[in-house]
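K.L.:
I have a structure I would like to understand better, so I am pasting it below and will then ask my questions one at a time.
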Amino acid sequence: MNSETLTQLFDFDQSELNANRNGLISEKQKLRLKRNERSQRGWFAVLGVFLAIMALVGVRVAVATTLTNFQDDRGGTIAMICAFGILWPLVWGSIGFFSIRRAVTKTEFKLKKTEGPVNIIKVIRDEYDSSSNLTHQKNAYQLRVGRRAFDVNWQLAGMMMQGDVYAVYYAEPNLRGVEASILSVELLEQAK
């Protein structure tokens, strides 16, 4: 595979590769990482606010039930208070809290490098669809280099040959659950 195709597929140029070789993340790469992070933080903020509102809806239902039905049906009212006044806000509020916490936590990236023979494999992942309560399988591709695996575009499977030795420069985030981002790639040696 020629280096021009690699630069297009992974969206980097020679100056960025040179910066990565020297142990630096280029300014363009920093901007790209910040833009992606800002987008993710925005989604987590929206999700957190939505879930906080859902928690408050449960409290509202519990209060309304208590005010209207407590004299007539004390057992049912107590059950509603426990379900919607305690359990509902606890569940949705906790998830909302962690979403908002993720939204305000700043992600920092460190440049790391892995090298070795490449292996691109197709993995099958189960994905759950909550609206239909069904699980379906989805194909994904992983680039494995050294002791690292990265999710990659399916087009890469026919471009990087198994056994060729590559160096992969990537940005490792300081947060768990955030994927490492490939910054640049270079062919070191073709398989014999």
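K.L.:
Just wondering, is there one or more residues in segment 72-87 that are within 20 Å of the chain's Cα centre (by Cα), charged (D, E, K, R) and surrounded by fewer than 13 Cβ atoms within 10 Å (Cβ to Cβ)?
P.N.:
So far as segment 72-87 goes, no, none of its residues is within 20 Å of the chain's Cα centre (by Cα), charged (D, E, K, R) and surrounded by fewer than 13 Cβ atoms within 10 Å (Cβ to Cβ).
K.L.:
I've got another one for you. Which of the residues that make up segment 110-159 are closer than 19 Å to PHE10 by Cα, exposed (fewer than 11 other Cβ atoms within 10 Å of the Cβ) and not basic (Lys, Arg)?
P.N.:
GLN155, GLY158 - these are the residues of segment 110-159 that are closer than 19 Å to PHE10 by Cα, exposed (fewer than 11 other Cβ atoms within 10 Å of the Cβ) and not basic (Lys, Arg).
K.L.:
Specify which of the listed residues (GLN40, GLN14, GLN29) is at pLDDT 90 or above and under 21 Å from the mean Cα position of the chain (by Cα).
P.N.:
Testing whether each residue is at pLDDT 90 or above and under 21 Å from the mean Cα position of the chain (by Cα) leaves just GLN29.
K.L.:
Further question on the same structure: Considering only residues that are within 30 Å of ARG101 (Cα to Cα), exposed (fewer than 14 other Cβ atoms within 10 Å of the Cβ) and either touching a Ser or Thr at 6+ places or on another chain (Cβ under 7 Å) or aliphatic (A, V, I, L, M) (or both), which ones fall in segment 160-192?
P.N.:
Hits for segment 160-192 are ASN174, LEU175.
K.L.:
With respect to ARG60, determine if the residue is buried (at least 17 other Cβ atoms within 10 Å of the Cβ) and under 27 Å from LEU47 (Cα atoms).
P.N.:
Numbers: buried (at least 17 other Cβ atoms within 10 Å of the Cβ): no; under 27 Å from LEU47 (Cα atoms): yes.
Spelling it out, it is not the case that ARG60 is buried (at least 17 other Cβ atoms within 10 Å of the Cβ) and under 27 Å from LEU47 (Cα atoms).
K.L.:
Report yes if some residue within segment 89-102 is more than 22 Å from LEU175 (Cα to Cα) and among the charged types (D, E, K, R); otherwise report no.
P.N.:
no
K.L.:
Now for a separate question. Could you go through segment 163-176 and let me know if any residue there is closer than 15 Å to LYS113 by Cβ, among the basic types (Lys, Arg) and either within 17 Å of the chain's Cα centre (by Cα) or assigned by TED's automatic domain parsing to the domain that holds GLU127 (or both).
P.N.:
Residues of segment 163-176 that are closer than 15 Å to LYS113 by Cβ, as a first pass: 165-172.
After this cut, where a residue has to be among the basic types (Lys, Arg) as well, the list is none.
No, there is no match, as no residue in segment 163-176 is closer than 15 Å to LYS113 by Cβ, among the basic types (Lys, Arg) and either within 17 Å of the chain's Cα centre (by Cα) or assigned by TED's automatic domain parsing to the domain that holds GLU127 (or both).
K.L.:
Only one of these conditions is not met by VAL46: (1) in contact with a helix residue (DSSP H, G or I) (Cβ under 6 Å, 6 or more places away or on another chain); (2) without any contact (Cβ under 8 Å) to a residue 60 or more places away in the chain. Which number is it?
P.N.:
(1)
K.L.:
Given segment 1-77, what helices (runs of 4 or more DSSP H) lie entirely inside it while holding 1 or more residues that are over 30 Å from VAL152 (Cβ atoms) and of a type in the set (S, T, N, Q)?
P.N.:
27-69
The values are calculated or read from the model by the stated rules, or taken from the named source; none is laboratory data. Here the structure is a predicted model, which means the values were calculated and not measured. All Cβ positions, glycine included, derive from the backbone under ideal geometry; neighbour counts span all protein chains shown.
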